[in-house]
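Each remark here refers to the structure printed beneath this line.
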Amino acid sequence: MTSVEHRLAPDGFNLVPPPGWDVIPLHSGTQEAMDRIVRKAVRQLPVGFPKDDIPKARMKLTQEMKKVVRRASAKGGMTLYLPTERLHGVALPVSIVASEPIEVPRVRPNSGPEAVLAALASETRGAEVRELDGTAALRSERDVPADPDRGVDVAHRRVEYFLPIPDSTPDRYLSFSFSTLIAPGSDPAFYDTLVELFDAVMSTFRWSYS
């Protein structure tokens, strides 16, 4: 009799953010992470910043942080990655959200994740298949115009990776979403560079097993 090998599905992943970024877990430890980031931001205030204005600056930073966290949580996020240090004096208007695994039904009873990715690719403009730690992933990129009626206050560029969790039963998928605000009249090359940064971060993706 031939034995059947049952492989365990990974129970997590590792992702290496760029230097100067922080990680905010969205299930537990969220407040502690936000407090740490706000303290760091206050320490980075310019020399000569009026001491009397520090409490007001801290409150504004906290409000902005809560807004970003609420938005990420509302979209099913489980981990938020944010730049918390300026790059050449510039605060990068970007974020990365790793979302909760979701179940996706198979295209056909005997098909696998490859068929799901192919079906999504056929319906997603600009989609392409890439590989993350030996797993096929669907990558898509698009510019989202401002639309206040739909809750989109500022135009932004969005890049997403969608990949199946190997050997998961039922089939489950992870998604990673990168977003950067687009300022009117700004140089598109700047956003191209930020997208390249995100792709470089995703190249560090590795599955983890207990």
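The values are calculated or read from the model by the stated rules, or taken from the named source; none is laboratory data. This is a predicted model, so every value here is computed, not measured. Note that each Cβ is placed from the backbone with ideal geometry, even for glycine, and that neighbours are counted across all protein chains shown. With ligands, DNA and RNA removed, areas are computed over all heavy atoms of the protein, side chains included. Shrake-Rupley method; radii C 1.70, N 1.55, O 1.52, S 1.80 Å.
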Pick from Lys75, Lys60, Lys51 the residue whose mean-square fluctuation is largest in a GNM of the chain, springs joining Cα atoms under 10 Å. Lys51
Highest-fluctuation residue, Asp192, Asp52, Asp11 considered, GNM on the chain with Cα pairs under 10 Å: Asp52
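Where the accessible area of the range 1-145 is counted over protein heavy atoms with a 1.4 Å probe, how much of it, in %, is carbon and sulfur?
Working: 5320 of 9860 Å².
Carbon and sulfur: 54 percent of the exposed surface of the range 1-145.
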Rh by Kirkwood over Cα pairs, then Stokes-Einstein D for the range 90-177 at 1.002 mPa s and 20 °C, µm²/s: 148
Work through the residues other than Phe49 whose Cβ is under 12 Å from its Cβ and net out their charges, Lys, Arg +1 and Asp, Glu -1. +2
Cα centroid separation - the range 1-62 against the range 179-210, whole Å: 17
Would you look at the GNM of the chain, springs on alpha carbons closer than 10 Å, and say which of Phe162, Phe198, Phe13 moves the most? Phe13
Estimated FRET transfer efficiency when R0 is 30 angstrom, pair Ala200-Met59 (beta carbons, to 0.05): 0.30
Candidate span helices, the chain: DSSP H, at least 15 Å along axis from Cα coords, Kyte-Doolittle average at least 0.5, result 113-123, 188-202
I'd like to know how the range 1-88 sits against the 2.2 N^0.38 Å rule of thumb: what's its Cα Rg over that expected value? 1.58
If you bin every alpha carbon distance in the chain into 5 Å steps from zero, what whole percent lands in each bin? 1, 6, 13, 16, 18, 16, 12, 8, 4, 3, 2, 1, 0, 0, 0, 0
Hey, can you find the accessible area per residue of the range 61-210 for me, probe 1.4 Å, expressed in square angstrom? 57
